[in-house]
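Peer 1: Please read through the structure below; I'll follow up with questions.
The values are calculated or read from the model by the stated rules, or taken from the named source; none is laboratory data. Computed from a prediction, not measured in an experiment: that's the story for all the values here. Cβ: placed from backbone, ideal geometry, glycine included. Neighbour counts: every protein chain shown.
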Amino acid sequence: GSTTVTWTVTDIHGNSTTTTQVVTVTDNQVPTVLVQNITVYLDALGNVSITPAQINNGSTDNCGIATVTLDKTSFNCSNVGANTVNLTVTDIHGNSATVAATVTVVDAIKPTVNTPAAQVFCQNTPASYTVPAITVSDNCGIASVSYAITGATTRAGSGLNASGAFAVGNSTITWTVTDVNNNVTVVSVPVTVNPAPTATISVSTPDAFCNKLTLTANSSSVITGYAWSVNSSAFASTQAIFLDNTNADGNYVVFVTDNKGCTSLLPVSYNYQKQNIISNYTILAYKEAELKEYNTVQTGSVGVMSKKGEAEIGKYSSVAAPGAFVKAPKIEAKSGSNVPTKIYAVATVTLPTMQYNSASVNNLPNFTTNQNATITLSGNYKNLTVRRGSNVVLTGNTYGNINIEEGSTVRFTSTTINVEHLKVGKGKDNGQTVVRFADNTSVRVAKHVQIEEDCFINPDSYKVTFYLGRQSSHNCNSHKGGDRDDDDHDKGHGDGDQKFEVKGGNTTVIANVYAPTGDIKVKGGESCHKNHVATTVRMTGLFIGYEVEGEGKNVIWNNYTCGSAMPMPEVNNTAMVVGEEQDADIKLDVKVLPNPTLTHFEMIVSSDDKQTPVQIRVISGAGRVLNAMKATVGQRVQFGQEYTSGMYVAEVVQGNKRKTVKLIKGK
């Protein structure tokens, strides 16, 4: 600025002169600007700002700095890289200088990627699976998204969505996400495709001697669910289903679901044709099935297996259970009989495997018990006589002739018994002659079984099968011409002198009888029994013979209900208390109509449990078991035609459920 200077000059004599001078001082020196280059990083929004102080590196001025400024302080994604900025320093006198610096903008933020959770699928067809897409974001923008799949599946692609084909097993999807500034994020998602279970169906064989065909769904996987259908309609959700005459013909299809929730891709099926299934029959004959008057086939059907064969159903006899039929090339149903369904053709079924008695009784001892003896015999015998009133346990397995006299009880413990001839004598006045067996017993008979009145064979309702026949190389399942020709059959087996005979009333046989070369002959009781009580003969099982004949009055046939055998109390038990014992959560109902009755009783059992067989006993007022039957839930059971007037008790047991009903028969 300007400054006035006053000058005063004084000489030696004291004379002075004063004058002024204006002095102007000017600052023309610009500041010294010092800068530094810097690197800055974009934030999550893609922005960054700087200040002059970040660029100023100690600028100076001779008089002092007034301001320091930058020509650019804000940067974004478009400025990534080197940017020139100008730092201007102005001193207090307005002198300024500008120097350039470099600001390097860097994007160091990786893309943000959100992935789905681990994916688990069940194998499907066509092996295509939808994987949720990833989502991505970036402060400056995404340049590319790619993925590679490794493991059980090998493929690669681009984009957010890796859905598509995956192989069974464990795979990994690895996504690589790159932004516009080459920042990379890598993420992985595991994908598991569990294999679908594979189902198979196993079918019960004729050797089961069961009144139902059992289809069981199987798998190597751990199965938690089953879905059966028949002819496209839902049928059951159990592992096993049981088919009999009441079930429709057609394809029974099953899908299975494993413990991982996967369901089989392909169904497995079984084509069910009831006429071709042995379990749907109660009586099968090679030559003739002859049921004379008053024979009732309460469950199952009747079939004849040769092209020359005949079925004859007598007056007052019936084969009329739900779904039941008579199948034979020739059928003669007498007037007054009840045969709703007749099929005029050969009954073609697969037969059980025959078992034969090949044991020798030579050199075996003979033995006769005392009367009323209680004894256990552990040996094998050529001739064995059990005298009347005895209680004998037999643990051997080979016998020649066995003669069981009236009123005795004999129990066989071996599950394979070889015997040439078995005779069970009639019961005494106050009791029956009883023969008991172990469960799943095979009785191989070389010649003859004879059972008289007042006998109870197998009161425990175990599965027992009598095989009557001689050893032969002939195969009954493969006769010429696709059927069982009579002459061909006889030629294959010889004469066939085996017989299974039941004579007289008040006798119950719970056993299968397989006599391909022998006859099964059952003679019912007369209208008046010696004790004026039950004259009925009850035959429960599968009865296969060259000829099968039922004659006399009151012969009732039933097929055998498979399942866990339920031991029966002794037949001469005391009077029982009427009441019920059952699980409160499971309903067991018994209806008997008419009750009271003048003719017969008809019982229907209903239960929440549709699978477990029902055991029915009818006990007289004196505590005597008059009938022992097995039935299925919903089956209509008739009995009591032969009962005299009086009061009876029907006991119904299913598993651990029990119910009893009073029955009254009038005059």
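Peer 1: Might you let me know whether segment 16-36 holds any residue that is within 30 Å of residue 111 (Cβ to Cβ), surrounded by 14 or more Cβ atoms within 10 Å (Cβ to Cβ) and in contact with a strand residue (DSSP E or B) (Cβ under 8 Å, 6 or more places away or on another chain)?
Peer 2: The answer is no, given that none of the residues of segment 16-36 is within 30 Å of residue 111 (Cβ to Cβ), surrounded by 14 or more Cβ atoms within 10 Å (Cβ to Cβ) and in contact with a strand residue (DSSP E or B) (Cβ under 8 Å, 6 or more places away or on another chain).
Peer 1: Also, quick follow-up: For residue 302, which of the numbered conditions (1) without any contact (Cβ under 8 Å) to a residue 60 or more places away in the chain; (2) in the same structural domain as residue 207 (by TED's automatic domain parsing); (3) over 26 Å from residue 196 (Cα atoms) fails to hold?
Peer 2: Going through (1) without any contact (Cβ under 8 Å) to a residue 60 or more places away in the chain; (2) in the same structural domain as residue 207 (by TED's automatic domain parsing); (3) over 26 Å from residue 196 (Cα atoms) one by one, residue 302 breaks only (2).
Peer 1: Name the single residue that is nearest to residue 559 (Cα to Cα) among those in segment 591-615 being of a type in the set (A, V, I, L, M) and either at pLDDT 90 or above or within 29 Å of the chain's Cα centre (by Cα) (or both).
Peer 2: 614
Peer 1: Can I ask one more? Determine which member of the set 84, 102, 176, 153 is in contact (Cβ under 8 Å) with a residue 24 or more places away in the chain and under 25 Å from residue 40 (Cα atoms).
Peer 2: The conditions single out 102.
Peer 1: If you don't mind, another one. Would it be correct to say that residue 183 is surrounded by 17 or more Cβ atoms within 10 Å (Cβ to Cβ) and in contact with a helix residue (DSSP H, G or I) (Cβ under 9 Å, 6 or more places away or on another chain)?
Peer 2: no
Peer 1: Out of the residues in segment 598-629 that are among the β-branched types (Val, Ile, Thr) and farther than 23 Å from residue 319 by Cα, which is surrounded by the fewest Cβ atoms within 10 Å (Cβ to Cβ)?
Peer 2: If we take residues in segment 598-629 being among the β-branched types (Val, Ile, Thr) and farther than 23 Å from residue 319 by Cα, then 612 is surrounded by the fewest Cβ atoms within 10 Å (Cβ to Cβ).
Peer 1: Hand me the list of strands (runs of 3 or more DSSP E) wholly inside segment 486-537 holding 1 or more residues that are at pLDDT 85 or above and over 41 Å from the mean Cα position of the chain (by Cα).
Peer 2: Hits in segment 486-537: 499-503, 512-523.
Peer 1: Do any strands (runs of 3 or more DSSP E) entirely within segment 1-104 hold 1 or more residues that are in contact with a helix residue (DSSP H, G or I) (Cβ under 9 Å, 6 or more places away or on another chain) and not small (Gly, Ala, Ser), and if so, which?
Peer 2: 38-41, 47-49, 65-70, 81-91
Peer 1: How many of the residues in segment 232-254 are modelled with pLDDT of 95 or more and in contact with a Pro (Cβ under 6 Å, 6 or more places away or on another chain)?
Peer 2: Here the count works out to 1.
Peer 1: Something else about it: For the condition of a type in the set (Gly, Ala, Ser) and loosely packed, with under 15 Cβ neighbours inside 10 Å, what is the one hit in 96, 49?
Peer 2: Only one candidate qualifies: 49.
Peer 1: Please indicate, with yes or no, whether at least one residue in segment 395-408 is surrounded by fewer than 16 Cβ atoms within 10 Å (Cβ to Cβ) and assigned by TED's automatic domain parsing to the domain that holds residue 516.
Peer 2: Yes, that holds for at least one residue.
Peer 1: Tally up the residues in segment 630-647 that are surrounded by 21 or more Cβ atoms within 10 Å (Cβ to Cβ) and touching a Gly at 6+ places or on another chain (Cβ under 8 Å), please.
Peer 2: Result for segment 630-647: 1.
Peer 1: Kindly check whether there is at least one residue in segment 351-370 that is touching a residue at least 40 places away in the same chain (Cβ under 8 Å) and closer than 30 Å to residue 294 by Cα.
Peer 2: yes
Peer 1: Taking residue 588, is it outside the structural domain of residue 459 (by TED's automatic domain parsing), within 27 Å of the chain's Cα centre (by Cα) and either at pLDDT below 80 or within 25 Å of residue 237 (Cα to Cα) (or both)?
Peer 2: Spelling it out, residue 588 is indeed outside the structural domain of residue 459 (by TED's automatic domain parsing), within 27 Å of the chain's Cα centre (by Cα) and either at pLDDT below 80 or within 25 Å of residue 237 (Cα to Cα) (or both).
Peer 1: Here is a follow-up. How many residues, within segment 351-379, are in contact with a Pro (Cβ under 9 Å, 6 or more places away or on another chain) and surrounded by 13 or more Cβ atoms within 10 Å (Cβ to Cβ)?
Peer 2: Residues meeting the conditions: 4.
Peer 1: If a residue must be under 13 Å from the mean Cα position of the chain (by Cα) and touching a residue at least 60 places away in the same chain (Cβ under 8 Å), how many such residues does segment 199-239 contain?
Peer 2: Within segment 199-239, residues that are under 13 Å from the mean Cα position of the chain (by Cα) and touching a residue at least 60 places away in the same chain (Cβ under 8 Å) number 5.
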